[in-house]
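Enquirer: Here you go, one structure.
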Amino acid sequence: MQRTMNPHIQAPRSCLAGGGAAGERLRATDWSVNPLGPVAAWPLSLQAAVRIVLSSKFPMMLHWGPDLVTIYNDAYAPSLGHKHPGNLGRPAREWWSEMWDELTPIFDRVLSGEAFYVEDARYTPDRDGEPQEAFFTHCHSPLWDDEGRVAGIFLVVTETTARVVAERELSRTNGELLDRVEAVRASEARLRAIVGTVPVGIVMADERGAVYGGNARAEQIFGHAVLRSPDLDAYGDWIAHHPDGRRVQGREYPLARVYAGEERPELECLYRRGDGREAWVRIIGAPVLDGAGGLIGGIVAVVDIDQERRAAERLSASEAHWRGLFERLNEGFMVVEMIRDASGVARTWRFVEANDAWDRISGLSRASAMGRAVDDVIPGVEQDWLDRYIAVAETGEPQAFRMPLRVLHQIYDVRAFRVAPDRVGVLFQEVSRQQREEMLRSALLRLADRLHELSDPAEMAFAASEVIGEALRVARVGYATMSEDGEALTIERDWTAPGFASGTGLHRASDYGRAVSDLRDGDAVVIADTALDPRTARDGIAGFDAYAVRALVNLPLIEQGRMVAFLYVNDQASRAWTPEEVAFIQTAAGQTRVATERRRVEGELRRLAASLEQQVERRTAERDRAWRLSQQLLVTATQDGVIVSVNPVWTRLLGWTAAELVGTSFAHYTHPDDLAATLQAFASVLERPLAVPYEYRFRHKDGAYHWFAWTGAFEDGLVYATGRDLKVEREQAEVLRQAQKMEAVGQLTGGVAHDFNNHLTVIRSSADLLKRADLPEERRRRYVAAISDTADRAAKLTGQLLAFARRQALKPEIFDACASVRALLDMMATLTGSRIKVTLDLPDGGCFVVADPSQFDTALVNMAVNARDAMDGVGLLTIAVREVDGMPAVRADPSRQGPFVAITLADTGSGIPADRLDRIFEPFYTTKDTGKGTGLGLSQVFGFTKQSGGEVTVASVVGKGTAFTLYVPRVAAEAPALAAGEPAIEMLADGHGTRVLVVEDNDDVGTSVEQALADLGYVTVLARSAEEGLAELARDPDRFDVVFTDVMMPGMNGIDLGHEIRRLHGDLPVVLTSGYSLVLAQEGTHGFDLLRKPYSAEQLSRILRGHAGRKTRTATPGPATSPP
């Protein structure tokens, strides 16, 4: 079937067909040389886009290819200006160069596949030879090629420059309306013209009042139906409200009012617009008249004032806010307005607004000042105040300044700034007081500088007067000195202002009333008017009038409780002195006083410095002289012990020169045995001064060592030390000791002779009486008993002497000191009497000591008796026992560490004076009455403790009592008990033939012992020496059961004899006897039993019989004669 062509289908046309002038221009283009190439080769997508552009009556453009070749239509051409048609078919960058930076981001965005749309975009195209501002609403869309890739940009655009400019003009006009509401209302014709040229709503009505039309803005505001209302009744359907909230009635609208005869009615209302939103509008009506003035219609202009109205509301709120702030400001605030003459020149200004602080600060009435010119409110105001604000209003440049308003006697800090044409806002603060204070502070600084430069007190006083006078602008300032009686005043110099007389000379205090006398209380006298003040009006007015003084301030100067002078400040007119002025005068006076005193002290210091310099030189010379002449070693050394300097005496005492010693260490000269302790002592000096002398041996140049006692201190990095030679000191001490020893021996000898003579007298008289033949038996027994008792007392006396001399033979044993004290309690109670209470303070466990228990008990008894006598038979005696770990330093002995038991006897007696404490242990020294004591009791205590390895201390307070403390060596274990089965000694008075070898070098004692033993039934042999005794034993040791030998003998002593007998005849017992033996005192008995002289025949028989019974062999009884 043959197909037929539709007659309505046209043959294909070129994409450049049609298009008016632009199409014609494009068709004439040689596309073969264009980046797009021949038209026939264009992609179909490009051809289709070109057809759309050229066939459209709306401004369109496209850019294609990498170079963005441009094609547009006739509708677009007018917006290009002179660039058309030359840029048709050219790359966009070439003819949009002036806007390329703005267009590049848009093109990049679209070429990436994203459309771009913008309204009223601002550009500055070069359309008439220079860039001009233009606005466009345009949409850029991506163009895809035949393969679906973005190859170009399609642009639909409409220029909105006229509308944007009109709206911007409207916005500007609205802004002007905010500032010029009154001006706008005053020029109705001009406003009508302006409204006619701006895009405001326009509503038109015919002569019947029927609305027949309006512009788009009016339609947007009122709606289409309203614009076609046939008559005025349609206004009743409008919804609008007055500012007070009332609904606007139809006849109230301006168009209705125009027909009612009003020339230019207006209405501001909140109107519900055609889009349903409420907005504030201003409706202005005007009649349309014919040539004859007849009403032929009406016109209404509607202005959208919503933003304006709401801005005004915000402005009103803001004004209220700021006005509230201004009202609360401490600073004054006002707005002034320029007053111009007929030629327009500002001549003065008026007050327009002011806050509450304005009244307070200025002292003027705001109510009466507002609206009036300043020179009317403040007559005589300085021209400078007018010129300042006029300059701010004219130039707009703000100003900040401080200036006095002399008419009001005030000074102000001011900040002025223009707030509107011809109006200036002013913030101000009254600073008169601050200014005066700053002026006074500046004056004080000047015074300080002046005083710093001066040294003469009179010149300093005048400088102070001058500064005070100039700062306070007074008539006269000066200082007046007072006489001692306070009646006379002397003024040597004062400062006066020009035209005022000086007050120098001699004055009477009474001529000035109480203005001077009241100063004696130490307070300032401040008088505002001498003619009115009661202190001066009656008695002082004449004196002050003579020097034209009407106001004054007087300040007293007090020294050591007396007013010596005063500072006076005079003025010729009455004056209310402010507290700041009085304080300024007081400060200036005090500042002057301090400076004057400082100068005086500085002078004294200079004199003192000169004197000290002389003293230093003198002291230095004295020190050098002392260094050279000192007889003690003086040395300085580093903290490492290196010698820095020595004085000359080193050479004399030790042979070393200074050159040999300096730079060497003191340790080089220290005895090796003393080195460790000496280094320790030296190190302690670095921490604290060595006050207690430290003794050690220092090497002489000849190699010998000498003892020196050193003290020292560490200061300024050096050790300063002094060494005292102990050789001479010890020689002198030995001489003194010997002298004291001889004195003690003399005293001891006298005491012994006295007591022994007493005992011998009793013995001699009793012996003589026993020689009488007719002596009765009873008296004979009494004389024999007297001799025996006297011998016992003499033996006790010698025992006490030996105890003090530490020469008695002790029998140390281990025993419990607490048990011994308890055992003595009954005896002590008997000794002290019933009126002395004896209390014990003993630990729960035992305190074991090693000592002679008999001597221990004797020492306690002696101290108890001594306490009894000190308490005069009434008081409290406390005995305490405790374990201690050392003994304190006492007398010349140092402290000792170790286990000891301390036994303290404390009484509540009369105490011992401090000056007697050093002598109480001396033999025969006593403070008791004659016959109350021998003075040997404490000597025994002293000797026993010393010989036992202990010590005795005493502490006493006169009137409170005394405490003696014995220190005895402590041991850990109790003494072993007597071995079980040891035979008890048979206490027999007869010898039963016991054979005794008696060894005694004294013939009388030996013969006496032989006779006594023979009478008791012993068989004896007497040997005159140890050697003779050994010879007897060598002949036949079995002849003897026991050896009884003296200790002190020429040649071999008794102890050595005992050892020899033990060695040769081990089972033969040996008994020692002695009245005194240094060997026994120092070494003990070496295990031999000791019978102390003097002894009784019964004691002798008991000890010999006891030892003879221990011999293993049996003795053969025989006659009581010497063995063959």
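Where a number appears in this text, it was derived from the coordinates with a stated rule and is not lab data. This is a predicted model, so every value here is computed, not measured. Don't worry about glycine lacking a Cβ; one is built from the backbone with ideal geometry, like all the others, and counts go over all protein chains shown.
Enquirer: Whole-Hz Karplus ³J(HN,Hα) for the stretch 612-628, in order, using 6.51 cos²θ - 1.76 cosθ + 1.60 and θ = phi - 60°, x for Gly and Pro?
Expert: Once θ is set to phi - 60°, the couplings for the stretch 612-628 become 5, 4, 5, 5, 4, 4, 5, 5, 4, 5, 5, 4, 4, 5, 4, 4, 6 Hz.
Enquirer: Moving on. Under the Kirkwood approximation applied to all pairs of distinct alpha-carbon atoms, what is the hydrodynamic radius of the stretch 435-603 in Å? Numbers along the way, then the final one.
Expert: Details: mean 1/r = 0.0624 Å⁻¹.
Kirkwood hydrodynamic radius for the stretch 435-603: 16.0 Å.
Enquirer: If you take the charge dipole of the stretch 995-1108 about its Cα centre, with +1 on Lys and Arg Cβ and -1 on Asp and Glu Cβ, which of 1104, 1045, 1006 is farthest toward its positive end?
Expert: 1104
Enquirer: To one decimal place, what orientation-averaged projected area in nm² is obtained for the convex hull of the Cα set of the stretch 20-159? List each step's numbers first, then the result.
Expert: Numbers: hull surface 30.7 nm².
That works out to 7.7 nm².
Enquirer: Sequence neighbours fewer than 8 away in the same chain don't count; with that in mind, list the aspartates and glutamates whose C-alpha is under 17 Å from residue 57.
Expert: 24, 74, 159
Enquirer: Could you pull out every residue, at least 5 positions away or on a different chain, whose amide H is within less than 5 Å of the one on residue 121? Hs are placed 1.01 Å off N in the peptide plane, and Pro or chain starts have none.
Expert: Under 5 Å from the amide H of residue 121: 136, 137, 138.
Enquirer: When N counts the residues of the stretch 335-430, how does its alpha-carbon radius of gyration compare numerically with 2.2 N^0.38 Å, as a ratio?
Expert: Values: Rg = 12.4 Å, N = 96, 2.2 N^0.38 = 12.5 Å.
Relative to the 2.2 N^0.38 Å estimate, the stretch 335-430 comes out at 1.00.
Enquirer: Let me ask something else about it. What FRET efficiency do you get for residue 435 and residue 167 if R0 is 60 Å and r is their Cβ-Cβ distance, rounded to the nearest 0.05? The partial results should precede the final answer.
Expert: Working: r = 56 Å, r/R0 = 0.94.
Efficiency for this residue pair is about 0.60.
Enquirer: Using Cα-Cα distances under 8 Å and only pairs 6 or more residues apart, what relative contact order does the stretch 995-1108 have, in percent? Walk me through the numbers on the way to the answer.
Expert: Working: 169 pairs, mean separation 28.2, N = 114.
Reported as a whole number, the value is 25 percent.
Enquirer: Please list, in order along the stretch 868-876, the HN-Hα scalar couplings obtained from phi with the Karplus expression 6.51 cos²θ - 1.76 cosθ + 1.60 (θ = phi - 60°), rounded to whole Hz, x for Gly and Pro.
Expert: Each residue of the stretch 868-876 in turn: 4, 5, 5, 8, 6, x, 9, x, 10 Hz.
Enquirer: Over the stretch 995-1108, what number does the Rg to Rh ratio reach, with both radii from the alpha-carbon atoms and Rh per Kirkwood? Present the calculation step by step, with values, prior to reporting the outcome.
Expert: Values: Rg = 12.6 Å, Rh = 13.8 Å.
For the stretch 995-1108, the value is 0.92.
Enquirer: Shifting gears a bit: Where does each of 538-548, 121-131 land if you order them by average Cβ count within 10 Å, highest first? Display every interim value, and only then the final one.
Expert: Working: 538-548: 16.4, 121-131: 13.6.
In decreasing order of mean packing, 538-548, 121-131 become 538-548, 121-131.
Enquirer: Give me the one-decimal nm value for the distance between modelled label points at residue 779 and residue 700, 7 Å along each residue's Cα-to-Cβ direction.
Expert: 7.5
Enquirer: Could I ask something else about it? Please work out how much length the chain gains when fully extended from residue 408 to residue 582, using 0.36 nm per residue of separation minus the C-alpha to C-alpha distance, in nm with one decimal. All intermediate terms of the calculation are to be shown ahead of the outcome.
Expert: Values: separation 174, 0.36 × 174 = 62.64 nm, distance 2.36 nm.
Taking residue 408 through residue 582 to full extension adds about 60.3 nm, to one decimal.
Enquirer: In whole Hz, what ³J(HN,Hα) sequence does the stretch 657-673 give by Karplus (6.51, -1.76, 1.60; θ = phi - 60°), x for Gly and Pro?
Expert: 8, 4, 4, 6, 8, 4, x, 9, 8, 5, 4, 5, 10, 8, 4, x, 5
Enquirer: Oh, and also: Sticking to Cα atoms, compute the Rg of the stretch 805-969 to one decimal and its Dmax as the biggest Cα-Cα distance, whole number, in Å.
Expert: When restricted to the Cα atoms of the stretch 805-969, Rg and Dmax are 15.0, 43 Å.
Enquirer: List the pairs from 727/946; 837/946; 946/1093; 811/837 whose alpha-carbon separation is above 26 Å, in the order I gave them.
Expert: Details: 727/946 28 Å; 837/946 30 Å; 946/1093 23 Å; 811/837 32 Å.
Violating the 26 Å Cα-Cα cut-off are 727/946; 837/946; 811/837.
Enquirer: Tell me which residues come under 5 Å, amide H to amide H, from residue 911 once H is placed; ignore anything under 5 positions away on its chain.
Expert: Placed amide hydrogens put 959, 961, 962 under 5 Å from residue 911.
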